[in-house]
1. Quick one: pull the percentage of alpha-carbon pairs in region B:1-43 with a separation above 15 Å.
2. What does DSSP give for region A:1-88 in terms of the percent of beta bridges that are antiparallel, rounded to the nearest 5?
3. Taking just the C-alpha trace of the protein assembly as shown, give me its Rg and Dmax in Å.
4. Once you place label points 7 Å from the Cα toward the Cβ at B:THR75 and A:ALA45, how far apart are they in nm?
5. For A:ASP20, go 7 angstrom from Cα along the Cα-to-Cβ vector, then report the distances to that same point in the other copies in nm, smallest first.
6. Which one, B:VAL56, A:VAL92, A:HIS33, projects farthest toward the positive side of the charge dipole computed for the protein assembly as shown from Cβ point charges (K/R +1, D/E -1)?
7. From Cα coordinates alone, what are the radius of gyration and Dmax values for region A:60-114 in angstrom?
8. For B:THR77, place a label point 7 Å out from Cα along the Cα→Cβ vector, do the same in each other copy, and report the separations in nm, one decimal, smallest first.
Number of protein chains: 2
Amino acid sequence: MQVRKFAVADATFERAPDQDGEVFVGNMVDQRHGAPITVGFGRYAPNQRLDAMIEVDDVMVILEGNLSVDSDAGTVTAGPGEIVHLAKGNQVTIRSHEQGAVTAYVTYPHWQEA
Amino acid sequence: MQVRKFAVADATFERAPDQDGEVFVGNMVDQRHGAPITVGFGRYAPNQRLDAMIEVDDVMVILEGNLSVDSDAGTVTAGPGEIVHLAKGNQVTIRSHEQGAVTAYVTYPHWQEA
């Protein structure tokens, strides 16, 4: 694999699986490409809520807006330039706020295979 | 491991190993923490140059400034909100420009053990 650059405008977004809310994911690198990680962009409409069991280590870098993540450890809220590490095995609720949010994400291993 | 949030102000930066330039890394999650990935922030002073063989899959999300990455595939330049995937096995030169740069990074596996 080569060195590749991705912008959010390059992403093809689809609704996050098993979710009813307006939360979208766009993988740029995944199990089709031969690397061990998945890389992509996430987009949250305003005031959405996503409940998930975290099946793979997932790192979100907040690019726009704010996201809150509720877990057994409490709630963290992150904004632009901040990182949230969702370690495998956590049950979480991810919530967007008034302005929605855009993220960059990296997972190991590939979340679509988990 | 729990859900954790990191801001660049939380990072303890050290000079990137085996480098002479003003390029600094601050791991927030690494081999000490039990997850399979390393997560951190990078900081590049203006007009720096880093030559490296990429030993692990490395994803950089540009938070501030711009970085150019030269490799066999040519040169990519990324700015705020963009992602660069440095796949394992590439020989690269990473260059900052007039304004320096700040990144968030994720590697698999841990770069300090590679």
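1. Details: 408 of 903 pairs.
Beyond 15 Å sits 45 percent of the P(r) for region B:1-43.
2. On the way: 17 of 17 bridges.
That works out to approximately 100 percent antiparallel.
3. Rg then Dmax for the protein assembly as shown, in Å: 16.5, 51.
4. 4.3
5. 6.2
6. Value computed over the given set: A:VAL92.
7. 11.4, 32
8. 3.8
Only the coordinates and a few stated rules stand behind these numbers; no lab work does. Everything quoted here is computed from the prediction, not taken from an experiment. Virtual Cβ from ideal backbone geometry, glycine too; neighbours counted across all protein chains shown.
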